[in-house]
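Input: a single structure, listed below in C-alpha cells.
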Protein chains: 2
Amino acid sequence: MNSTMPPIRTEPFKVACSSCNLRELCLPVGLSRNDLEQLDTMVATRRSVVRGDTLFRAGDAFQSLYAVRTGFFKTCVSAEDGRDQVTGFQMAGELLGLDGIGSDRHTVDAVALEDSQVCVIPYAQLEELSREFSDLQRQLHKIMSREIVRDHGVMLLLGSMRAEERLAAFLLNLTQRLQARGFSASSLILRMTREEIGSYLGLKLETVSRTFSKFQEEGLLEVKQRQIRIVDQDGLQKLVNGAAC
Amino acid sequence: MNSTMPPIRTEPFKVACSSCNLRELCLPVGLSRNDLEQLDTMVATRRSVVRGDTLFRAGDAFQSLYAVRTGFFKTCVSAEDGRDQVTGFQMAGELLGLDGIGSDRHTVDAVALEDSQVCVIPYAQLEELSREFSDLQRQLHKIMSREIVRDHGVMLLLGSMRAEERLAAFLLNLTQRLQARGFSASSLILRMTREEIGSYLGLKLETVSRTFSKFQEEGLLEVKQRQIRIVDQDGLQKLVNGAAC
DNA sequence: CGCGAGCTTGATGCCGATCAATGCATGTGG
DNA sequence: CCACATGCATTGATCGGCATCAAGCTCGCG
C-alpha cells in the first residue's frame, strides 16, 4: 500500500482566506480582520484532487488539515479484513484531517468524489497561530467538538434507526448543508454512489435503492439516478422523528 | 426536565494533577513539571456523583470539562422521540464534556454508573492556559482527535459488524482500557446493564444476553451476571477481525 | 421473605441482506 | 455511428439475523 504516490499538484498562488467566499462557513468563522490576515499568511497553498484520487490515506503521516474549497469528499475507515465504512461526506468549507492529530498519522482515507480543490493548512503553524489568537483557537476547538457531536448523531442513526429513517435523515442533513452554501433546499445531485450512501448509513446498496424507490412511490421524492428532488420535506422530517409511531 | 438540580457537592481541597496517579492516562500526559504545576492551579475542585446521577445533561450550559478520577460513566444522546443511544463509557483518566465546546451547551447526558469522582476543569481557564503552554495545547488537541477516531471505530462497528463481532470488540476494548489502568486483562465486572451495552452496540438487550451465553458455550468467556472472565482472548480477537470468514 | 430490577431463554416474525437478473447511462474502439 | 463493455442502479425472490413478545429465573435489598 501507499506504493506509488501520484504527483501532488499544489498551486501556490494567493488564495486569501480574508477574501474567500467560504469564510463564513470555514475555519475563519468569527475571526477579526487582523486574525484573518494572519490566516492568509499560513494558508498559502491549494491542492487539486481529481475525482477518485485520495487526498490522504490511513497511515499517511499527518502534516496538515485541509479545507474543502470546491468539490466533494468522502472519508472511510477500514478494518483489517477489508470491510470499510464511510465516516462522512465533506463539502465546501468543511475540514478534513482532524483524525490525524491524535496519532500523527491519518486514520481514514479521504477520497474526492468529484474534481476538487482544498486549502492546505499546515498543522504546526495552525497550532502556533492559535496560541496567539484566541478567536482562532476557539474556532478550532469548536470545529473539533462539533465533529464529535456529529459523530454521536451518526451513532444514534446507526444504532437505533431503521432504513427509511436513516435515508431520510441523510437527505435532510445533506440538503441543509447545501442550502447553507446557497444551493437549492429541494433539488440536489448526489455525488456518491448507492453503495457509498449505504456504507455511511450501515445499509446495503440494494436497500438504499429500494428505499429511494419507496420514497418516490410515497410522493416524498423524485428520483432519477443521482438527481433528487425533495417533494415533501415535512414528510421526510416526520420519518426521522419517528412520528410515524 | 432539568427540574430540581441535586445539590452539587464539590470538594475544594488540594488534588494536584502533578501527584495524581492518573497523570499518565489523563490530560497531563507528556507535560513538563512546570506545566503540571500550572494545571494544578486550575484544576482546583473535584465533584462527587453518586450512582445513577448525572454529571451534566444535554442542554446544560457548558462550563467545564471533567476528568474521571474514580468511578464509571456513560454518555447518551437522545432523539426527540425518546430513543436514545449510549455514545460511550468513560473510566478513570478519561475526559467528559468535549461535546459541549461546539455550542456552549452539552449535547449528551453523562450518567454515573457507580459512585464516582471527577476533577473539574474550567474550560475558559484551560483554553487560556493552553495558549501559554504548547504541550498542554497539543495534548488537548490529541485528546479531541482521538475521540473523533474512537467515534469512527464505533461507526464501523455499528455499520458493518454483526452482533457477535460487536460484543467481542466491546469486551476487548474494555479490558484493554482496564489493563492500562492496572486491572486484570482477563477478569472484569461490568458496570453497565445488558440494555446499556445493547444501546451502545446497536443491539437489544436480549441479543446481548444471548451472545454472552453463546460465547460461554463456545468457551470464549465465563459469564456470571456482570462478572466476566475472558477464557480465550485470541478467539474473541478473531471474531472481531472477521477471520471466521 | 418477598419484591423488583435485571438477566436468561424460548418461540415467532420481520427487516434488511443476499443472490440473481435486468435496465440504463457513459465511454471506447472498430 | 454503431457495437459492445463497463459501472451503477433497479427490481425480484429468498434467506437469515436480530427484534419482538413472552415466560421464568437470579440476586440484592428493604
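Observations, loosely collected:
- Any hit, segment B:223-238, residues being part of a loop (DSSP other than H, G, I, E, B), within 14 Å of chain A (Cβ to nearest Cβ) and surrounded by fewer than 16 Cβ atoms within 10 Å (Cβ to Cβ): no
- The set of residues in segment B:216-245 that are within 13 Å of DNA strand D (Cβ to nearest atom) and either more than 25 Å from the chain's Cα centre (by Cα) or among the hydrophobic types (A, V, I, L, M, F, W, C) (or both) comprises B:223, B:239, B:242, B:244, B:245.
- Residue that is surrounded by the most Cβ atoms within 10 Å (Cβ to Cβ), among those in segment A:30-50 that are over 17 Å from the mean Cα position of the chain (by Cα), within 24 Å of residue A:74 (Cβ to Cβ) and not charged (D, E, K, R): A:43
- From the list A:116, A:199, A:209, the one residue that fits, being modelled with pLDDT of 95 or more, away from every other protein chain (no Cβ under 14 Å), crowded, with 16+ Cβ neighbours inside 10 Å and in contact with a Gly (Cβ under 8 Å, 6 or more places away or on another chain), is A:116.
- Residue B:125 being closer than 20 Å to residue A:135 by Cα and surrounded by fewer than 23 Cβ atoms within 10 Å (Cβ to Cβ): yes
- Scan of segment A:158-209 for residues that are of a type in the set (Lys, Arg) and free of Cβ contacts under 8 Å to residues at least 24 places away in the same chain, ordered by number: A:162, A:194, A:204
- Residue within segment B:160-173 that is within 13 Å of chain A (Cβ to nearest Cβ), within 11 Å of DNA strand C (Cβ to nearest atom) and either part of a helix (DSSP H, G or I) or aromatic (Phe, Trp, Tyr) (or both) present: yes
- Scanning segment A:175-215 for residues that are more than 14 Å from DNA strand C (Cβ to nearest atom) and either more than 17 Å from the chain's Cα centre (by Cα) or assigned to a strand (DSSP E or B) (or both) yields A:184, A:185, A:186, A:187, A:188.
- Candidates A:144, A:155, filtered to the one that is in contact (Cβ under 8 Å) with a residue 12 or more places away in the chain, part of a helix (DSSP H, G or I) and at the interface with chain B (Cβ under 8 Å from one of its Cβ atoms): A:144
- Residue check, residue A:136 within 11 Å of chain B (Cβ to nearest Cβ), closer than 17 Å to residue A:46 by Cα and in a helix (DSSP H, G or I): no
The values are calculated or read from the model by the stated rules, or taken from the named source; none is laboratory data. Remember, it's a predicted structure, so these values are computed and weren't measured experimentally. For neighbour counting, all protein chains shown are included, and Cβ atoms are generated from backbone atoms with ideal geometry for every residue, glycine included.
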